[in-house]
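Input: a single structure, listed below in structure tokens.
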Amino acid sequence: MNQFDNTKISRRKLIQLPPAVFLIQSLPIVHAETCTNNHHDSASAANPYTAQFFTPEELKLLDAVMDKIIPPDEHSPGAHEAQTSLFADLIVTESPKDVKEDWREGLRLLTAELQSSTLDEWLARAATNDRDPRSLLDLFFIQLKQMTVDGYYTSRIGIHQDLQYVGNTYVTQFKGCSHAEHQG
Amino acid sequence: MQNVNYDVCVIGSGAAGGVMAKELCEGGAKVLLIEAGEAVSPGEFRTHCWPYEMRFRGLRGEKQEPFYPPDMKDTIRYETSEQVSVDRVRVLGGRTVHWNAVVLRYAPSDFRERTLNGIEEDWPLSYEELAPYYDRIEKMIGVCGNNDNLEVLPAGPWYLPPPAFRCSEQILKKAIAPLGIPVIAARKALLTRPYDNRPPCHYCGHCMEGCDVSAIFSTPSSMLPKAKKTGNLTLRQNAVAREILVDTDGSARALSIVDRATKKEEEVRARIFVVCCSTVETARLLLNSRSPRHPAGLANSSGVVGRYLHGHLGDTIHVYLKELEGRSPENLDGALDHAFVPRYRTKTPAGTFDFQVNYAGYMFPFHAKFLPGYGANFKKRVREMEPGFLMLGGFGKVEARPENRVLVDSDRKDTYGIPIPVLQFRFSDLDKAVYAEMGKTLDAISSSLNCEVVKRPGERPSGFASHEAGTVRMGTNPKTSALNSFCQSHDVRNLFVTDGSTFTTSSEKNPTLTIMALSLRAADYIKEQRRRGEL
């Protein structure tokens, strides 16, 4: 295949693509065939990742709160469908002991908090202190949000469906800005 | 000298070693090129991998992992409270395999800090002496850009056309012109037309992950094929240099290498040795090459080897332009930075900085890390802001000072039994002044734009932006420098060093083009000396 031809794709590569990719009409099809090294333990439909660190209860809570941070809307699915909690599990599983302890303690504090508040009430309070965290739970919110952002915007859903990113492809010419109002 | 197998042994295959090996091979010398790493073919690059195709979504450096083998981990110790780090790449081609390829000529004034500003030292050569080599190297590697007729950024006679500006760069240019800050096309070792049997850029925005079509210059794609074609090149990969051994007369006799696979040690002999291992590793090799004739290390009778370590300081700013918000997604990747802000405050040392624009890539929405809030509004806001992304990265001068240095720790060795380097470094008052001025300028730039600033510069500078330099500096005085103006050791006639360690001082400009020009000049000198029978 001519590497500069962005209209063709090999059949072998084609059958490796998950079906969801074909639903995104704006996605140039060359995209998903370009990684020649996707063999390093990335999760796939044939080899799905299963949680290693969080308990089922912790994972359920994590999934719920992450889906509140980046929820589904009319434009695209949210963090739940992007499996952001499983991404968090992988990252924490592969992190040092103190990081593991932070996450476990954060979820424990959140569980305790939810005895007297709803998730929405806690999120609203924690987000108010986003720039000036005043408690361990405020800090945990920041940690949680960063993880959600990392997981969501590096997922297929985040990149292709939500942001509708159209790069990472071969183009023969970069046209640059053509708007008259922006020219010098 | 008995049993000499090669005319020249070049140690290290990065920007300096590549041009040196090619030139000497084409000049008829039998060259042994030693590389501690091994080749990673473009087919193995992870250039176009999507985050979700990698285990940690690329957040743990998986894209560049092939260039950083495990045996380089924990092989340096930092004895500093500053935020500095050095690049520990180990691959055939060195840093040319994954780089942003910004190539800038030093200005005449950059070689004369002592004379013009009363700081540091003057270089032992002038811009005028190096200019012909800048011309040749630019043509050799293929550089896109313009001649902007700027004294601070001299230009050569020929460039490929630069990539077009994005809207954000056009807006930047218009907005900061009233401040007297120019925005010009970036000069990069990037092909925008087919050239030298290499295809042009395909604008995927992944220059730093390795260019899979070699539109960006690299030693393996551009220099080594030419060197191999001569039949004069022997390439030895996976060979870690332990020390350079000397004859009784003190001249370099052999290189002791350790095979990475077998860990067996052997000696390779040559008439001339050229060290191109990069600033820290070159100093490490010379300091580890102690002998009765050279008790402080090879080429180090002056005691300067390892000293005068410096590099670039820097920081970034991320803004989102209001007038581009909410636009339909379009492919903005390009070749990373297309625009460049050259140094514009040329009369004060604290103004020694420039800015590269938009080299961070467009796939990940950086602002999502900084925006307050959560929920549907947060998500919508991230999406709306994305088309307005504009970032500037400042690169500032760091003074070359003797107290900043690389040492070796004989008590701590790497997996091959070689003492590791230890780095001692503190930013100077002038460095901090440069950083402060850079921050003020970034604030002035953002104030002139209708934008939302999501990341401002921090409180402290960081270094070295992969631009380390200065540990085996050139100079006219053998008592205060290690090399002459041809990168030849004052102490050891058949020893040369041509990487960034040779820099007497640094400017705000990226060092690679100057490294290659110096290496080319040294190669010409070696060829001439060999022709005369003096080496």
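Just checking: which of the strands (runs of 3 or more DSSP E) contained wholly in segment B:344-462 hold 1 or more residues that are modelled with pLDDT under 95?
Working: elements: B:353-357, B:389-397, B:405-413, B:419-424, B:451-455.
Qualifying strands (runs of 3 or more DSSP E): B:405-413, B:451-455.
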(request) Output the qualifying pairs, or none if there are none: Cβ atoms under 6 angstrom, residues six or more apart or on different chains, first residue in segment B:364-388 and under 16 Å from residue B:332 (Cα atoms) and more than 7 Å from chain A (Cβ to nearest Cβ), second residue of a type in the set (Ser, Thr, Tyr) and surrounded by 21 or more Cβ atoms within 10 Å (Cβ to Cβ). (result) B:385/B:320; B:388/B:320
(request) Select from segment B:145-193 the residues that are within 11 Å of chain A (Cβ to nearest Cβ) and of a type in the set (S, T, N, Q) and write down the one among them that is surrounded by the most Cβ atoms within 10 Å (Cβ to Cβ). (result) B:168
(request) Identify the residue in segment B:328-357 that is touching a Gly at 6+ places or on another chain (Cβ under 8 Å) and either hydroxyl-bearing (Ser, Thr, Tyr) or more than 16 Å from residue B:510 (Cβ to Cβ) (or both) and, among all such residues, is surrounded by the fewest Cβ atoms within 10 Å (Cβ to Cβ). (result) B:345
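For segment B:222-245, which positions are of a type in the set (A, V, I, L, M, F, W, C) and either buried (at least 21 other Cβ atoms within 10 Å of the Cβ) or under 18 Å from residue B:38 (Cβ atoms) (or both)? Steps first, please.
The first filter runs over segment B:222-245 and keeps only residues of a type in the set (A, V, I, L, M, F, W, C), leaving B:223-224, B:227, B:233, B:235, B:239-241, B:244-245.
Result: B:223, B:224, B:227, B:233, B:235, B:239, B:240, B:241, B:244.
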(request) Pairs only if they're at least six apart or on different chains, beta carbon under 7 angstrom, first in segment A:57-72 and under 14 Å from residue A:143 (Cβ atoms), second of a type in the set (Phe, Trp, Tyr) and at pLDDT 95 or above; list them, first residue then second. (result) A:62/A:54; A:69/B:374
(message) Any residue in segment B:339-362 that is over 18 Å from residue B:155 (Cα atoms) sitting within a Cβ distance under 7 Å of a residue that is of a type in the set (S, T, N, Q) and in a loop (DSSP other than H, G, I, E, B)? List the pairs, counting only those 6 or more apart or interchain.
(response) B:352/B:507; B:359/B:100
(request) Kindly indicate whether any position in segment B:58-76 is in contact (Cβ under 8 Å) with a residue 40 or more places away in the chain and assigned to a loop (DSSP other than H, G, I, E, B). (result) yes
(request) Identify the single condition in (1) under 18 Å from the mean Cα position of the chain (by Cα); (2) at positive phi that residue B:359 does not satisfy, given that it satisfies every other one. (result) (2)
(request) Those residues that are closer than 30 Å to residue B:122 by Cα, in contact with a Leu (Cβ under 9 Å, 6 or more places away or on another chain) and surrounded by fewer than 21 Cβ atoms within 10 Å (Cβ to Cβ), I need them from segment B:441-463; list them, please. (result) B:462
(request) Filter segment A:64-94 down to residues that are under 13 Å from the mean Cα position of the chain (by Cα), more than 18 Å from residue B:365 (Cα to Cα) and aliphatic (A, V, I, L, M), then give me how many there are. (result) 4
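Please tell me if residue B:466 is of a type in the set (Ser, Thr, Tyr), surrounded by fewer than 24 Cβ atoms within 10 Å (Cβ to Cβ) and assigned to a strand (DSSP E or B). Don't jump to the end; show me each part of the working.
Working: of a type in the set (Ser, Thr, Tyr): yes; surrounded by fewer than 24 Cβ atoms within 10 Å (Cβ to Cβ): yes; assigned to a strand (DSSP E or B): yes.
Yes.
Could you please let me know if residue B:87 is at pLDDT 95 or above and closer than 30 Å to residue B:345 by Cβ?
Details: at pLDDT 95 or above: no; closer than 30 Å to residue B:345 by Cβ: yes.
Spelling it out, it is not the case that residue B:87 is at pLDDT 95 or above and closer than 30 Å to residue B:345 by Cβ.
Suppose the filter is within 14 Å of another protein chain (Cβ to nearest Cβ) and surrounded by 17 or more Cβ atoms within 10 Å (Cβ to Cβ); does residue B:58 pass it? Spell out how you get there, then give the answer.
Details: within 14 Å of another protein chain (Cβ to nearest Cβ): yes; surrounded by 17 or more Cβ atoms within 10 Å (Cβ to Cβ): yes.
Spelling it out, residue B:58 is indeed within 14 Å of another protein chain (Cβ to nearest Cβ) and surrounded by 17 or more Cβ atoms within 10 Å (Cβ to Cβ).
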(request) Check A:172, A:154, A:128, A:111 and return the single one that is polar (S, T, N, Q) and farther than 30 Å from residue B:387 by Cβ. (result) A:111
(request) Could you tell me whether residue A:109 is within 13 Å of chain B (Cβ to nearest Cβ) and either modelled with pLDDT of 95 or more or exposed (fewer than 14 other Cβ atoms within 10 Å of the Cβ) (or both)? (result) no
(message) Being at the interface with chain B (Cβ under 7 Å from one of its Cβ atoms) and in contact with a Phe, Trp or Tyr (Cβ under 6 Å, 6 or more places away or on another chain) is the filter here; which residues of segment A:127-152 pass it?
(response) A:127
(request) Just name the residue that is farthest from residue A:75 (Cα to Cα) out of those in segment A:159-184 that are small (Gly, Ala, Ser) and at the interface with chain B (Cβ under 7 Å from one of its Cβ atoms). (result) A:184
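Condition check ((1) modelled with pLDDT under 95; (2) buried (at least 23 other Cβ atoms within 10 Å of the Cβ); (3) within 14 Å of another protein chain (Cβ to nearest Cβ)) across all residues:
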site: B:15; (1), (2), (3): no, yes, no
site: B:23; (1), (2), (3): no, yes, no
site: B:33; (1), (2), (3): no, yes, no
site: B:44; (1), (2), (3): yes, no, yes
site: B:80; (1), (2), (3): yes, no, no
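Would you say residue B:510 is surrounded by fewer than 22 Cβ atoms within 10 Å (Cβ to Cβ), polar (S, T, N, Q), within 24 Å of the chain's Cα centre (by Cα) and at pLDDT 95 or above? Give the derivation first.
On the way: surrounded by fewer than 22 Cβ atoms within 10 Å (Cβ to Cβ): no; polar (S, T, N, Q): yes; within 24 Å of the chain's Cα centre (by Cα): yes; at pLDDT 95 or above: yes.
Spelling it out, it is not the case that residue B:510 is surrounded by fewer than 22 Cβ atoms within 10 Å (Cβ to Cβ), polar (S, T, N, Q), within 24 Å of the chain's Cα centre (by Cα) and at pLDDT 95 or above.
The values are calculated or read from the model by the stated rules, or taken from the named source; none is laboratory data. Owing to the predicted nature of the structure, the values given are computational and were not obtained by experimental measurement. Methodologically, a virtual Cβ is constructed for each residue, glycine included, from the backbone with ideal geometry; neighbour enumeration extends over all protein chains shown.
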